[in-house]
Amino acid sequence: MKYEVREVLKSIEVIESSKELTSELRKTFGTDFPMIKACVKENLIKDEAITLIQKIAPVCFKINGTVFLKGETKGEHDLIGDEMDYQPVTELFDMTQEIATGDSYSFYVSGTDYFELASNEESVEVRKFLDNLFK
C-alpha cells in the first residue's frame with residue numbers, strides 16, 4: 001500500500017486531538033502516538049494499521065474555504081490526451097456542501113500534494129457526518 005506520510009501523520013494528529021477517536025484506535029492498537037508516528041515516517045507500519053488510522057480519521061483537505069474528503073485513488077488515466085503519460089487520479093468529495101445541504105459533489109485530481117490539509121476540528125466534523133450516514 002502506498003500512502004502519503006503527511007496525510008497519515010495528519011490523521012494521527014486528528015485522532016490524538018479527540019478522546020473519542022483515541023479510544024477507537026485503542027481498541028485495536030496502543031496509543032503510543034510518538035511510536036506510531038515514527039513507524040509511519042520510517043515506513044515500518046503495516047497496511048492494516050494505515051487503513052484503520054485513515055478510517056478513524058479520514059484525510060480531508062481545505063481548498064478555498066471548502067473542506068474535501070479524499071476518496072479513492074484509482075486507474076491510470078491520460079489526463080492530457082497525448083497518450084504518452086498515464087497517471088492515477090484521486091476523487092475529492094465536497095464535504096462542506098454535503099454537510100450543509102445533503103448534495104454530493106466530487107471531482108478528480110492527479111495529485112493532492114499541493115492541497116492544504118483540513119484542521120483537526122474540520123476532519124472530526126467530517127468523520128461525525130460520515131458516521132451519521134451509516135446509522
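The values are calculated or read from the model by the stated rules, or taken from the named source; none is laboratory data. All of these numbers come straight from a predicted model, not from anything done at the bench. Cβ coordinates were reconstructed from backbone atoms using ideal geometry, including for glycine residues, and neighbour counts include every protein chain displayed.
Just a few scattered comments:
- From Phe68, Phe93, residue being in contact with a Gly (Cβ under 9 Å, 6 or more places away or on another chain) and modelled with pLDDT of 90 or more: Phe93
- Flag if Lys55 is without any contact (Cβ under 8 Å) to a residue 40 or more places away in the chain, out of contact with any strand residue (DSSP E or B) (no Cβ under 8 Å at 6 or more places or on another chain) and closer than 15 Å to Tyr3 by Cα: yes
- Residues in region 95-121 that are among the aromatic types (Phe, Trp, Tyr) and within 15 Å of Glu72 (Cα to Cα): Tyr105, Phe107, Tyr108.
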